[in-house]
Structures are given as structure tokens and as C-alpha cells.
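Read through the structure below, which is laid out as C-alpha cells, and then see the notes.
The values are calculated or read from the model by the stated rules, or taken from the named source; none is laboratory data. Please read these numbers as outputs of a predicted model, since none were measured by experiment. Using ideal geometry, Cβ is built from the backbone for each residue, glycine included, and neighbour counts are taken over all protein chains shown.
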Amino acid sequence: MTENITLTIDGQQVSVEQGTTLLKAAQEIGKDIPTICFHEATTSNALCRICVVEVEGQRLLQPACIVKAAPDMKVQTRSERVMRARKTILEMLASTMDLSDAPAILTMMDEYGARAERFPDAERREVEVKDDNPMYVRDYSKCLLCWRCVQVCASDAQYTFAINFNGRGYETQIGTFFDKSIPETTCVLCGQCVAVCPTGALKPKREFLLEQGMSPNEISVMNTGRKRRKT
Amino acid sequence: MSDTDTSPSLSASLATLHSAIEQYIPLGRSGLLPALHAAQKIYGWLSEPVAAEVAKSLHVPLADVHGVIEFYTLFYNKPVGKRIIRVCTDQACALKDADGVLHHLCSHHGIEPGQTTRDGTLTIEASPCLGLCEQAPAALVDDQAETNINLKNDSYGLGRPRSIVGGSLRLLTANCGSGTTSLEKYGEYAALKKARGMKREDVINEVKASGLVGRGGAAFPTGIKWEGTAKAEGNPKYVICNADESEPGTFKDRVLLLDDPHRVIEGMAIAGYAIDSHKGYIYLRGEYPYIVPALENALSEARQAGYLNEDFDIEIRLGAGAYICGEETALFESIEGKRGFPRVKPPFPTTFGVFGKPTIINNVETLCNVPLIISQGSAVYRQIGTEKSPGPKLFCVSGDVAKPGLYEVAFGVTLRDLIVMAGGMANGQSMQAVLFGGAAGAFATSVHLDVKLTFEDLRAAGLPLGSGVVMVFDETHDMRDVLKRLGHFFAHESCGKCYPCQMGTQRQMEILNRIAAGNMIEGDLQRLQDVGWTMMDASLCGLGQTAASAVLSAIKLWPEMFEVRKSKSLKVVNAKKKVVAKAKVVKAKAKTKSVKKKTSKAVKSKKKSAKSKSKAVNSKVIKSKSKPKKTVARKSAKRK
């Protein structure tokens with residue numbers, strides 16, 4: 001049934017099944033294309049654009065996470081344009097948000113020679129930590145808007161629809177209906193949003209408290225929704 | 001205000017809401033924007049209980065409803081004044097002292113832009129382009145257009161905006177310039193009648209043969225679009241008229257829809273027949289509320305005459321303040337009741353459009369060409385214009401020309417011709433630059449005056465035709481201020497979905513602000529270019545891909561404007577400017593007392609400020625072909 005497609009990635013020929021994305025095709029020959037918003041479990045929206053590659057004959061760079069391999073395609077994963085776009089996106093991210101809990105992105109920055117201080121005097125997205133429920137803490141200063149939490153809360157997994165977006169453009173932020181606290185929303189505390197968050201913007205309450213210097217015993221006393229196992 | 005809305009009388013008042021949104025309930029989520037508009041009409045803003053009730057009625061999750069309200073700037077989830085004045089501060093109006101108008105109004109009422117008066121009667125906001133550029137400075141007072149605002153003699157027009165139409169052709173604009181054309185005056189839909197007597201594929205072939213390409217900016221061949229939609233699998237199929245005209249400097253669709261709605265409707269009906277569609281939408285930008293009654297009336301005339309019926313009918317959808325919704329896939333999302341996020345393409349609208357169904361989406365002007373093509377045949381149509389750019393074209397001429405307005409010409413006239421048609425330069429000044437194609441366009445200078453206005457010639461000159469914007473700047477303007485406003489526009493209008501545009505438009509704005517203020521930092525030019533190229537190369541949709549287009553063209557034309565040294569030396573000059581600006585404010589304040597209520601309903605003397613300023617074409621500029629670019633820019637810098 002499935003036909004194989006042969007294409008060239010960085011001068012190297014590769015044969016893949018029809019329907020394979022460029023991201024997967026590159027992985028097959030051991031070429032890593034960086035990703036941020038991409039997650040196996042969520043719908044790919046191709047919005048971080050860090051995975052862009054140069055495809056011969058295309059005016060614009062193409063997101064490897066969704067563009068499918070086609071016969072005789074010629075792909076460059078590290079051309080000058082690609083490198084400039086990736087580096088600039090990373091530098092803009094660093095000037096926008098707190099990446100301290102996103103080691104994968106910090107590593108990426110080193111790899112691409114992206115400088116965190118590239119944009120001086122840039123307005124940052126800084127928000128107070130929202131600690132309003134027993135299960136997780138929301139620190140949107142660390143949010144890079146990958147959309148995964150909104151997706152798993154909605155039709156990618158849980159169908160809970162507790163969160164959506166506030167504002168738009170640079171001012172976009174994850175939010176609830178009229179900024180209500182999590183217990184006041186339809187949230188069922190399933191924790192899937194926390195699981196898919198790449199930057200520590202959503203963090204289990206316990207982890208958060210441990211980081212704040214509290215001991216496991218102190219935390220247990222707080223009754224954070226976690227029941228102590230019976231001995 | 002909020003007190004009354006959350007009081008016990010709420011349940012009684014929610015009954016009013018129910019009857020107002022009842023008709024949208026069968027639409028489900030797709031009814032969300034119309035329902036929110038209806039609710040806001042009752043309460044003035046969208047409070048939590050009102051939003052919750054809308055959500056419940058339409059079965060849309062609460063968080064999603066909130067997300068939608070937050071996305072569109074014309075929806076408010078905080079109390080606003082009973083009356084809202086939105087003063088356009090985009091480019092064409094800025095040239096006519098829109099900032100002065102805004103500050104004057106605000107200081108008169110003792111508030112800052114974006115604030116509401118204490119008594120809750122009035123909110124004043126700065127607004128992106130309102131599509132009234134040829135009658136600048138302009139504002140939107142609730143549902144009425146306020147045009148040619150003149151602080152000196154306290155005159156302005158209020159209500160339905162006038163249409164100023166000219167040019168060497170009157171085909172698309174045949175019925176424009178003297179009020180809304182009734183069906184009686186428009187006459188029978190002869191082209192539709194003819195089309196319905198033809199085979200569907202023949203109608204498509206005729207449009208293909210005409211060489212018509214989209215007039216919204218992307219210039220995609222219309223016939224190919226239709227053919228793709230006709231052949232696509234999936235039913236029903238839709239026809240959408242993209243009337244979300246929001247490109248700064250563009251106002252052609254406003255004139256066409258307001259003055260000659262039947263031409264658009266006939267074009268849509270022909271498209272509907274060609275692809276066997278039964279449903280059309282006109283997605284009208286929220287800043288054109290005064291067009292709705294004219295359009296609704298025309299639709300009902302067309303229904304009564306039997307042109308629209310159960311085989312094909314059209315629904316109006318009103319946007320709510322989002323430039324991005326002019327992007328076709330974002331427009332679909334908006335019709336579906338969602339935030340206007342553009343989708344990744346492919347799939348393209350021809351196969352996966354609104355509601356995931358095959359969809360034709362065409363710009364207003366494009367559709368207005370269709371009756372012309374069908375009635376006279378593509379061969380006759382092709383005699384207009386050039387071989388590669390056939391047909392008539394509308395240009396929105398604004399800025400420092402003597403007679404700004406909508407000009408219809410055949411493709412192939414030169415930029416100089418067009419400016420001459422528009423009365424030449426105003427006030428005897430020389431031309432410094434032309435913003436071509438809108439905010440997403442590029443700058444031209446006097447060296448481009450003899451470029452022919454065709455797709456092929458413009459492409460060769462590196463200028464985009466875009467939506468037909470020709471915004472003219474004389475030498476007295478500081479182009480850095482122009483760039484600053486462009487930067488602000490895109491930062492305000494980015495949807496926030498893809499990273500290059502979401503953060504790039506913000507960083508671009510910050511750097512352009514520094515340049516305009518004379519505070520450039522070492523490396524800003526490189527930053528600006530890296531951000532610009534990254535947006536152009538890697539953004540998800542056309543907004544991000546063109547958000548740096550004008551800036552990058554300015555860097556090429558006026559490199560010295562982006563030099564740190566020069567920009568710093570301008571600081572002194574800028575300090576002077578501030579003093580002048582302050583003096584202006586003082587003057588304005590002094591005037592306030594004598595000025596009566598600016599917002600009074602009465603339509604005051606509509607005398608436009610046209611002091612018949614030197615109509616004479618500035619022969620110096622129009623004739624002199626090449627002015628060394630550098631001197632032009634330097635001169636402007638010095639003047640400031």
C-alpha cells in the first residue's frame with residue numbers, strides 16, 4: 001500500500017514512507033531538526049517555526065514538523081537562512097521570557113550561538129505566579145505559548161476546555177474565563193497540561209514547594225491534595 | 001455601570017439577551033461573533049454573566065468565549081462609555097495631525113486615550129486604520145464615520161462617509177460617487193442571467209480566460225481558484241467575499257460596498273452558480289458598521305427580485321476589529337466563531353475552507369470584475385489594461401496629494417499619471433516618498449514615478465501592488481515617524497500564533513521607536529534586519545511575512561536613517577520638536593473652551609477643509625525624474 005518516497009536532505013538521499021514529515025525523514029538519517037512546540041501527543045500547529053528548513057523551489061522556509069516528504073524534494077536543514085531564523089527566534093525568546101526551567105532551549109541557544117542579551121531594552125512578559133489550586137502552579141513568565149496545554153485540555157485529549165488565550169500578539173497569554181482561579185473553572189486537575197509543558201510554566205505544586213525550600217514533611221502537612229499513603 | 005449589570009435585575013435583563021441571540025443559537029459556535037455583537041449592542045460591553053449566558057446558549061466552552069472576546073479589539077469585557085470615539089492614528093490620518101485630534105478630544109474630556117469619562121458617557125480610543133484615508137483625519141463615532149476633522153474651524157462630516165471617485169475609467173466605479181445604488185438603478189443582474197444560461201465550467205473558463213487575478217493583495221488567478229473549488233470533493237461549497245479591508249491606506253472596498261452593493265452581490269451569485277454553491281458570506285470588517293444597512297437592504301432587494309433564493313443566498317458576517325481576519329484562513333476561523341488565528345496551508349481553501357469545506361474566497365474588487373467579464377466576455381475585458389495585467393484597477397490615493405480619493409484606471413498608467421489625476425502634490429511641496437501597497441507594501445520615491453502600474457512592471461521595480469494603496473508623503477514628513485507607526489500597527493495586529501511574528505513585530509516596533517526618538521543603540525540596524533528577514537522567511541502567514549516589508553525597503557532607500565551616529569545627532573532636533581508639540585497642545589487647550597461638543601449628534605457643517613490648496617501639480621516633482629535619494633532623506637531629517 002504505502003509507496004516509498006526518495007528525497008535529498010542536506011545532500012544525502014533518504015527513502016521514506018509516503019506521508020512522512022520532513023522532521024521524521026531527517027531523523028531517519030540521524031539529522032536532528034530542533035523543535036519547541038512539537039509534541040507527539042498533540043496536533044502539530046507549526047507555530048514555533050524553529051524547525052523550519054529550506055526546500056528548493058519554495059520561496060519561504062518550511063516547517064519540518066508538518067511538511068510531508070515529496071519525491072525529489074531537496075531539503076537543507078542548516079542553510080544560512082535557516083540558521084538566521086532559528087538564532088533570531090531563540091534570541092527573541094530569551095528576551096521575552098524566563099527560560100531558566102527550559103534546559104533544552106538553553107542548549108539549543110548554545111548550539112546556534114544565540115545570545116540571550118541580543119535585544120537590550122526589550123519588553124519582557126512578566127507575570128505573577130498563579131498559585132490557586134492544590135495540584136499545580138502556573139508561572140506564565142516562563143510560558144512560551146506552545147499551545148500544548150490548551151490543546152490537551154481541549155480536543156487533543158481531555159475535552160475539559162478550562163483554559164484558552166487572553167489578549168493577542170505579543171500580549172497573548174494562557175488564561176481562564178474572566179481570569180477565574182483554576183478551582184472555579186471546569187478544570188478536573190487531570191495534570192495533562194503539566195505533563196506537556198516544556199518550560200516549567202506549569203509545575204506540580206509539590207515540585208514547586210520543594211524548590212521553595214520546603215521539606216517533604218512540611219508539604220504533606222499542607223494537604224496539597226496528595227493523600228499520604230497508608231502504611 | 002458594572003453595578004447595574006450584575007444586580008438582581010440581571011435575570012430580567014438576560015431575557016432581553018435571549019431574544020436578541022435566539023436567531024444565532026441554531027448556528028452553534030459559528031453564531032458566536034454575531035451573538036456577542038448582539039449582546040454588546042444591548043449592554044455596551046460583555047460582562048461575565050452575559051458572556052456566560054452566550055456560552056450556555058450556543059454551547060461553547062466558557063474559556064473559549066472569553067478567548068474570543070479577548071482576541072477582537074471591538075469586544076469589551078470591561079465597562080466602556082455609552083459612546084465610543086475611535087480616532088484613527090494610522091498613517092494617512094497621521095499626516096493630517098490625527099495625534100492632535102486625539103489629544104484635543106481627550107484633553108477636552110479630561111481623559112487619556114483608552115479611558116472612559118467618569119460619568120461613563122464617553123470612551124476615546126486610538127484606532128488602527130479605519131479605511132477613511134482619503135478624508136483624513138477621521139474617526140468612528142459609534143457606528144458613524146467622522147471625516148475631515150478640522151480643529152481650526154471645528155468642522156467635520158458625520159454619518160455615511162462620502163465617496164470621492166475619479167480616474168480615467170468608470171467600470172467598477174460606474175455607480176459610485178452618488179449614494180447607494182438601488183436595484184432599480186443598477187438594473188437587472190444581466191451577467192448573472194447570462195451565466196445561468198451557460199454551463200458552469202464555461203463560466204469558470206470565461207473567468208480564467210479574462211486573466212483576472214485577486215485584488216486583495218495576493219494576486220492569485222481567480223479562475224484557477226474557482227476551478228479548484230468546483231473540482232474539489234466535499235459538500236456544501238461556499239463563496240466568501242472578503243470585505244475585511246483593513247490594510248492601512250485601503251478604502252476601495254468601502255466605496256464599492258457602500259455605493260454599489262449589487263455589483264458585489266451579482267459577482268458572488270455568479271461564483272455561486274459556477275461552483276454549485278448554495279451559501280455565500282460577506283465578511284465585513286467591524287470598523288464599517290455603517291455599511292451594514294446598505295448591504296442588508298441590497299440583499300433583500302436581490303431576494304425580492306429572485307436573484308438570491310434557496311439555490312444561493314448570502315449572509316453578512318461582521319468582524320470585530322482584527323486585521324488578521326483579512327487573511328483568508330483566519331477569516332474562516334472567525335466565521336466559525338473562533339479567534340482569528342490563521343491556519344497552516346496547505347490544505348488550501350479550495351479544498352479545505354470554511355467549516356472544512358471547499359471554498360471560494362475573493363476580495364470585493366475581484367468580485368466586482370466578474371459581472372463585467374461575463375456580460376461582455378473575456379476577450380473584450382482583456383482589451384483593458386496590458387496583456388499580463390488585464391482589466392481595470394482601483395487605486396486608493398491618500399496622503400499629500402491635492403485630491404485624495406479612489407481612482408479607477410486601466411493597468412499600465414504610470415505612478416506619475418495617477419498622482420497627476422489626484423491633483424498632484426498638495427501645498428506646493430515636493431514628493432519625498434510613496435508607500436505602495438499598504439503597510440505590508442514598500443516605499444517608492446520619485447525615481448519610480450514612471451513605473452507602469454502593472455503586476456509585471458511593479459514586480460520588476462520591486463514594488464508590490466498589494467491592495468492598491470498609493471500613500472504619498474511630501475518632504476515635510478519625518479519618515480522615521482512613518483516607520484514607527486507601521487511598527488506599531490503590526491505589533492498591535494499580530495495574532496500571536498507563530499513566534500517570528502508574535503515576538504518579531506514587538507521587537508521591530510521597539511527598535512523603530514528608538515530610531516524615531518533618535519535613541520538608536522549600536523547594532524539596531526542588524527537587529528532590525530535579522531528580525532525582518534526572520535519574519536519574512538519563517539512566519540506562518542502573510543501578515544508576518546510582510547510585516548517588515550516596508551521597513552526593509554526603507555533601509556535600502558535611506559540607509560543613513562538607520563545609522564546610529566546620525567540618529568543620535570538628531571536628538572537635539574527632536575528636543576526642538578517636542579517643544580513645538582507642547583506648544584501645539586497648549587494652543588489646543590486654549591481652544592477647547594470655544595469648541596462646542598465635538599460629539600454632538602447633529603451633523604454639523606460638513607465643509608471640508610479643502611481650502612483649495614494649490615491645485616497646480618507640483619511640476620517640479622512630477623517632472624523631475626530622479627532626485628538623489630540621499631538628499632531627499634537628509635533634507636527631511638534636517639527639516640524636522
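Considering region B:510-527 alone, what residues qualify as being more than 9 Å from chain A (Cβ to nearest Cβ) and among the hydrophobic types (A, V, I, L, M, F, W, C)?
Residues satisfying the conditions are B:L512, B:I515, B:A516, B:A517, B:M520, B:L525.
Just checking, how many residues over region A:77-104 are within 26 Å of A:V127 (Cβ to Cβ) and in a loop (DSSP other than H, G, I, E, B)?
Summing the residues that are within 26 Å of A:V127 (Cβ to Cβ) and in a loop (DSSP other than H, G, I, E, B) in region A:77-104 gives 6.
Please go through region B:287-306 and give me each residue that is surrounded by fewer than 21 Cβ atoms within 10 Å (Cβ to Cβ) and either of a type outside the set (A, V, I, L, M, F, W, C) or assigned by TED's automatic domain parsing to the domain that holds B:P128 (or both), ordered by number.
Across region B:287-306, the qualifying residues are B:P289, B:Y290, B:P293, B:E296, B:N297, B:S300, B:E301, B:R303, B:Q304, B:G306.
Is it fair to say B:K237 is touching a Pro at 6+ places or on another chain (Cβ under 9 Å) and of a type in the set (K, R)?
Details: touching a Pro at 6+ places or on another chain (Cβ under 9 Å): yes; of a type in the set (K, R): yes.
Yes, satisfied.
The rows are residues; the columns are (1) among the polar types (S, T, N, Q); (2) facing another protein chain (nearest Cβ under 8 Å); (3) assigned to a loop (DSSP other than H, G, I, E, B); (4) within 26 Å of A:R78 (Cβ to Cβ).
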residue	(1), (2), (3), (4)
A:D110	no, no, no, yes
A:A116	no, no, yes, yes
A:Q151	yes, no, no, no
A:Q158	yes, no, yes, no
A:F165	no, yes, no, no
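Which residue, of B:L140, B:L132, B:L171, is under 21 Å from B:M421 (Cα atoms) and crowded, with 22+ Cβ neighbours inside 10 Å?
Working: B:L140 fails: under 21 Å from B:M421 (Cα atoms); B:L171 fails: crowded, with 22+ Cβ neighbours inside 10 Å.
Sole residue among the options that is under 21 Å from B:M421 (Cα atoms) and crowded, with 22+ Cβ neighbours inside 10 Å: B:L132.
Being modelled with pLDDT under 85 and β-branched (V, I, T) is the filter here; which residues of region B:1-51 pass it? Quick ask: steps written out before the conclusion?
Let us first name the residues in region B:1-51 that are modelled with pLDDT under 85, namely B:1-13.
B:T4, B:T6, listed by residue number.
Which residue out of B:V409, B:V370 is under 24 Å from the mean Cα position of the chain (by Cα) and in a helix (DSSP H, G or I)? Lay out the reasoning, then the answer.
Values: B:V409 fails: in a helix (DSSP H, G or I).
That would be B:V370, the only listed residue that is under 24 Å from the mean Cα position of the chain (by Cα) and in a helix (DSSP H, G or I).
Go through region B:396-417 and give me each residue that's out of contact with any helix residue (DSSP H, G or I) (no Cβ under 6 Å at 6 or more places or on another chain) and closer than 30 Å to B:E206 by Cα.
Within region B:396-417, B:E408, B:V409, B:A410, B:F411, B:G412, B:V413, B:T414 qualify.
Please determine, by comparing only the residues of region B:528-542 that are in contact with a Pro (Cβ under 9 Å, 6 or more places away or on another chain) and not hydrophobic (A, V, I, L, M, F, W, C), which one is farthest from the other protein chains (Cβ to nearest Cβ). First the steps, then the outcome.
Applying the first criterion (in contact with a Pro (Cβ under 9 Å, 6 or more places away or on another chain)) to region B:528-542 yields B:531, B:534-542.
Imposing the further condition that a residue be not hydrophobic (A, V, I, L, M, F, W, C) reduces the set to B:534, B:537, B:539, B:542.
Working: B:T534: 4, B:D537: 5, B:S539: 7, B:G542: 10 Å.
Result: B:G542.
Quick check on this structure: which one of A:L60, A:L47, A:L90 is surrounded by fewer than 24 Cβ atoms within 10 Å (Cβ to Cβ), of a type in the set (A, V, I, L, M) and within 12 Å of chain B (Cβ to nearest Cβ)?
Values: A:L47 fails: surrounded by fewer than 24 Cβ atoms within 10 Å (Cβ to Cβ); A:L90 fails: surrounded by fewer than 24 Cβ atoms within 10 Å (Cβ to Cβ).
Result of the check over A:L60, A:L47, A:L90: A:L60.
Looking at region A:201-221, is at least one residue closer than 28 Å to B:E493 by Cβ, crowded, with 17+ Cβ neighbours inside 10 Å and within 14 Å of another protein chain (Cβ to nearest Cβ)? Steps first, please.
Let us first name the residues in region A:201-221 that are closer than 28 Å to B:E493 by Cβ, namely A:201.
If we keep only those that are crowded, with 17+ Cβ neighbours inside 10 Å as well, we get A:201.
Okay, now just the ones that are also within 14 Å of another protein chain (Cβ to nearest Cβ), so none.
Checked region A:201-221: no residue is closer than 28 Å to B:E493 by Cβ, crowded, with 17+ Cβ neighbours inside 10 Å and within 14 Å of another protein chain (Cβ to nearest Cβ).
For region B:49-102, which residues satisfy the criterion of being within 22 Å of the chain's Cα centre (by Cα) and within 14 Å of chain A (Cβ to nearest Cβ)?
Within region B:49-102, B:V68, B:I69, B:E70, B:F71, B:Y72, B:T73, B:L74, B:F75, B:Y76 qualify.
Every residue, every condition in (1) surrounded by fewer than 21 Cβ atoms within 10 Å (Cβ to Cβ); (2) modelled with pLDDT of 95 or more; (3) within 14 Å of another protein chain (Cβ to nearest Cβ); (4) under 20 Å from B:Q529 (Cβ atoms), yes or no:
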{"site": "B:L418", "(1), (2), (3), (4)": "no, yes, no, no"}
{"site": "B:G424", "(1), (2), (3), (4)": "no, yes, no, no"}
{"site": "B:L435", "(1), (2), (3), (4)": "no, yes, no, yes"}
{"site": "B:G466", "(1), (2), (3), (4)": "no, no, no, no"}
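Given the conditions (1) at the interface with another protein chain (Cβ under 8 Å from one of its Cβ atoms); (2) over 25 Å from A:L60 (Cβ atoms), which single one is not true for B:R507?
With respect to (1) at the interface with another protein chain (Cβ under 8 Å from one of its Cβ atoms); (2) over 25 Å from A:L60 (Cβ atoms), B:R507 is out only on (2).
Looking only at residues in region B:334-367 that are in contact with an Asp or Glu (Cβ under 8 Å, 6 or more places away or on another chain) and in a helix (DSSP H, G or I), which one is nearest to the other protein chains (Cβ to nearest Cβ)?
My answer is B:F355.
Condition first: within 14 Å of another protein chain (Cβ to nearest Cβ) and part of a helix (DSSP H, G or I). Now tell me which residues in region A:118-141 satisfy that.
Matches in region A:118-141: A:Y140 only.
Being buried (at least 23 other Cβ atoms within 10 Å of the Cβ), hydrophobic (A, V, I, L, M, F, W, C) and over 30 Å from B:E70 (Cβ atoms) is the requirement here; does B:M503 meet it? Spell out how you get there, then give the answer.
On the way: buried (at least 23 other Cβ atoms within 10 Å of the Cβ): yes; hydrophobic (A, V, I, L, M, F, W, C): yes; over 30 Å from B:E70 (Cβ atoms): no.
When the stated conditions are applied, B:M503 does not pass them.
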